[in-house]
């Protein structure tokens with residue numbers, strides 16, 4: 001994974017954080033669905049970035065040890 005993907009994922013994470021803090025109060029099914037989607041992104045994006053970062057670092061440094 002190249003560095004631009006990391007920055008894109010982290011930027012999306014910050015956008016979701018800002019939206020959750022300042023977004024409009026939408027009631028009903030749409031508001032619930034949007035809230036669930038945002039909370040899921042808040043949890044999934046850091047895990048995604050961490051896993052990809054560890055995978056890339058393992059590929060870089062694991063190849064040199066042999």
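Listed values, structure above:
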item: Residue list for the range 36-66, restricted to those being modelled with pLDDT under 85, part of a helix (DSSP H, G or I) and more than 18 Å from residue 6 (Cα to Cα); result: 61, 62
item: Members of the range 1-21 that are over 30 Å from residue 59 (Cβ atoms) and either surrounded by 10 or more Cβ atoms within 10 Å (Cβ to Cβ) or modelled with pLDDT of 85 or more (or both); result: 18, 19, 20
item: Residue, nearest to residue 5 (Cα to Cα), within the range 18-35, restricted to residues that are in contact with a helix residue (DSSP H, G or I) (Cβ under 7 Å, 6 or more places away or on another chain) and in a helix (DSSP H, G or I); result: 19
item: Members of the range 1-17 found to be free of Cβ contacts under 8 Å to residues at least 40 places away in the same chain and assigned to a helix (DSSP H, G or I), listed by number; result: 3, 4, 7, 8, 10, 11, 12, 13, 14, 15, 16, 17
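The values are calculated or read from the model by the stated rules, or taken from the named source; none is laboratory data. As the structure is a computational prediction, the values presented were derived from the model and not from experiment. Here Cβ is always computed from backbone atoms with ideal geometry, including for glycine, and neighbour counts include all displayed protein chains.
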